[in-house]
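**Student:** This structure is in structure tokens; I'll ask about it shortly.
Any read-out appearing in this document is the output of simple, stated calculations on the displayed coordinates, not a laboratory observation. From a predicted model like this one, the values you see are computed outputs, not experimental measurements. When we count neighbours, we look across all protein chains shown, and the Cβ atoms used for this are built from the backbone with ideal geometry, even at glycine.
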Ligand code: FES
Ligand code: FES
């Protein structure tokens, strides 16, 4: 049976060893971690249309479409939320399809036609979807709103084209812009203010009659 002084020594030794072990990964990391070498940016020419205007850019190939719109063309209506394809704030319409502009590189869109919130309506002549959002209080802070509206506009095009969703019950009938369909199809657009019920009301109101 060890006496108490031996036990105390063992505990001290144990603590010294434990402390040394805890420090090892950090020492190893600092000894080996070197910043990855950063090469000079590779520039590439790309030309596309945004809201009906042609733009030609010579751009770092790593630039996302979102950053090209915001930082190079100064179209800041398109918002950066998560920058990881999870919130929908950056939704724009490219060649008729809604996409998360944070998940695609600008150089992939040579000759594409891009529509952002700035191209849908103006303060004097709102797009019907924008007017419906105003009527139904479809926003609070407004940060998600450009993405919601671009997404909603393209969503109705998908419904009119007869493209079914996960909740479409009858695949042989025309798709109806029901509240259930809208909620499902808009599930990629997050609203941190929780204005969902008003957003859906606005979309149900204009479903099938937007310009
Ligand atoms: Fe693109 Fe969130 S910023 S999905
Ligand atoms: Fe604030 Fe949607 S209105 S995030």
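**Student:** Restricting to segment 183-193, count the residues that are in contact (Cβ under 8 Å) with a residue 40 or more places away in the chain and away from ligand 1 (no atom under 16 Å from the Cβ).
**Tutor:** Residues flagged as in contact (Cβ under 8 Å) with a residue 40 or more places away in the chain and away from ligand 1 (no atom under 16 Å from the Cβ) within segment 183-193 amount to 0.
**Student:** Residue 138: free of Cβ contacts under 8 Å to residues at least 12 places away in the same chain, surrounded by 14 or more Cβ atoms within 10 Å (Cβ to Cβ) and touching a helix residue (DSSP H, G or I) at 6+ places or on another chain (Cβ under 6 Å), yes or no?
**Tutor:** So residue 138 does not fit the description; no.
**Student:** Sticking with this one: Among the residues of segment 120-135, write down those that are touching a helix residue (DSSP H, G or I) at 6+ places or on another chain (Cβ under 9 Å) and under 20 Å from residue 69 (Cβ atoms).
**Tutor:** Scanning segment 120-135 gives 120, 121, 127, 129, 130.
**Student:** Which residues, counting only those in segment 141-164, are more than 16 Å from ligand 1 (Cβ to nearest atom) and either over 15 Å from residue 202 (Cα atoms) or surrounded by fewer than 17 Cβ atoms within 10 Å (Cβ to Cβ) (or both)?
**Tutor:** 157, 158, 159, 160, 161, 162, 163, 164
**Student:** Let me ask you something else. What tally of residues in segment 114-135 results from selecting those that are closer than 18 Å to residue 75 by Cα and either out of contact with any strand residue (DSSP E or B) (no Cβ under 9 Å at 6 or more places or on another chain) or surrounded by fewer than 16 Cβ atoms within 10 Å (Cβ to Cβ) (or both)?
**Tutor:** 6
**Student:** Which of the residues that make up segment 47-62 are farther than 15 Å from residue 94 by Cβ and surrounded by 14 or more Cβ atoms within 10 Å (Cβ to Cβ)?
**Tutor:** Residues satisfying the conditions are 57, 59, 60.
**Student:** A follow-up question, please. Does residue 179 meet the test of being within 16 Å of ligand 2 (Cβ to nearest atom) and more than 21 Å from the chain's Cα centre (by Cα)?
**Tutor:** For residue 179, the condition - within 16 Å of ligand 2 (Cβ to nearest atom) and more than 21 Å from the chain's Cα centre (by Cα) - is not met.
**Student:** Output the qualifying pairs, or none if there are none: Cβ atoms under 8 angstrom, residues six or more apart or on different chains, first residue in segment 49-65 and in contact (Cβ under 8 Å) with a residue 60 or more places away in the chain, second residue part of a strand (DSSP E or B).
**Tutor:** Every condition considered, the pairs that remain are 49/55; 49/113; 49/114; 50/114; 50/115; 51/114; 51/115.
**Student:** So for segment 196-208 (the condition being within 18 Å of residue 154 (Cβ to Cβ), over 21 Å from the mean Cα position of the chain (by Cα) and within 16 Å of ligand 2 (Cβ to nearest atom)), does at least one residue qualify?
**Tutor:** Checking segment 196-208: at least one residue is within 18 Å of residue 154 (Cβ to Cβ), over 21 Å from the mean Cα position of the chain (by Cα) and within 16 Å of ligand 2 (Cβ to nearest atom).
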